[in-house]
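Let me begin by presenting the structure, written as structure tokens, before commenting on it.
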Amino acid sequence: MKAALISLGSTSSILTAAAMKKYFAQVDQVQLKNVEIRFGKEAGIFYEGQPFGQYDCVYVKGSFRYANLLRSLAALLEKNVAYMPLTATAFTLTHNKLLTHLALQQYNLPMPRTYLSSTVDAAKALLQRVSFPIVMKFPEGTQGKGVMFADSLSSALSLLDALGALNQPFLIQEYVETEGTDIRALVVGEKVVAAMRRRAQKEEKRANIHAGGVGEPVQLTREMMKIAVDTAKALQADICGVDILEGALGPLVIEANVSPGLQELSKVSTLDIADELARFLARKTEEQLGQQNSNAAAQVMKELTASEENVLGQEIITALQFRGEKIILPELITKMANFSDGKEYVIRAQRGKVEIEEM
């Protein structure tokens, strides 16, 4: 099997590609920045100026800043690749917090109360009804970027004025007190393979590792594991980092990341996470290739059967050959009927008609 990992070349990607080489005959590491998509007469995907190769498995990952390229790549590749863990839809949903929340809502997954306002004036009216503190987010962004906190109406109004000047949509979300911690669960297929509790630095509310958070071991409850797996399914991602808050009334999903880092998780896990990812990719690719071969064989048999049935059902107009009182059937008739010397037949005859049936 032949595989490619398209990424920005992070440490996590390098570790994953190295592990994949144990399960795939060939693994190519492709730098996302050197990939281009052409339209028109030379339509297609190109890498370093050359047409992108054919692969059985392609794992595409990268920053939300490349969201449009990632979505386009996945959409074009998934038609010709046996297995991809991330669909174009997965990139669309996870790279926009609003769409993420909409998907979670459709699957009845728990999340903090979240509001979207069409205008700054509407948001100001909304602030009169919510409890503080609150969280304000830009729809796009990961690793804690684009997340702001307001502990009072006055600070929220100041943020609103600034956001209004940027002319960007934003979300208003209830703040859930967790003492600066959250849970990162790594979902691979149908299970959570690793998890950690992330703890924020002092004076920092964001627990994200890129915001200075520190990971520590954690044992997830069955409820949390199910929520994490269901979240990945809702977002159509076979590999996904799911961020969960341990709220007073139960776990709440706040975000998902389809390009999760592995280093901090590896520090608190006894599992070789990169190897787990690689084995999963190989297994799913083998399954899809087997299914494709099975479908192709079934289609061939269907076509052959249909062809045979068409031939068997045909009426043939021909002159009869006689040898004295004997009738000599055309060779095509005997082959279609599968007549042979060793069998016995019932012959029914009436004027102008003869029926021959194998006993």
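Values in this text are rule-based calculations from the coordinates and carry no lab data. All values reported here derive from a predicted model rather than from experimental measurement. When we count neighbours, we look across all protein chains shown, and the Cβ atoms used for this are built from the backbone with ideal geometry, even at glycine.
Figures for the structure shown
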| quantity | calculated |
| --- | --- |
| Sum of -39500 (n - 2.57) over DSSP H runs of 4+, divided by residues of the chain (222 nm, nearest 500) | -11000 deg cm²/dmol |
| Residue with peak Gaussian network fluctuation, the chain [Cα springs, cutoff 10 Å], from Met84, Met148, Met224 | Met148 |
| Normalised per residue, the volume of the convex hull around the Cα set of the chain (Å³) | 275 Å³ |
| Ascending count of other beta-carbon atoms within 10 Å, so fewest first, for Ser117, Ser13, Ser340 | Ser340, Ser117, Ser13 |
| Order of Asp28, Asp272 - criterion: other Cβ atoms within 10 Å of each residue's Cβ, fewest first | Asp272, Asp28 |
| Trypsin sites (Lys or Arg not before Pro) within region 32-132, DSSP loop, no more than 14 other Cβ atoms inside 10 Å | Lys79, Arg113, Arg129 |
| Fluctuation leader among Gly261, Gly49, Gly241 - the chain, Gaussian network, Cα springs under 10 angstrom | Gly49 |
| Straight-distance crosslink candidates among lysines, where the alpha carbon sits under 20 Å from Lys21 and sequence neighbours closer than 8 are dropped | Lys2, Lys61, Lys284 |
| Coarse-grained scattering of region 1-51 at q = 0.14, 0.15, 0.32 Å⁻¹, given as base-10 log I(q)/I(0) from a Debye sum over alpha-carbon atoms | -0.42, -0.47, -1.13 |
| Hits among aspartates and glutamates - C-alpha to C-alpha of Lys124 under 12 Å, sequence gap 8 or more where chains match | Asp161 |
| Residue among Thr285, Thr270, Thr114 with the largest mean-square fluctuation in a Gaussian network model of the chain, springs linking Cα atoms under 10 Å | Thr270 |
| Relative compactness, region 2-93, computed as alpha-carbon Rg over 2.2 N^0.38 Å | 1.02 |
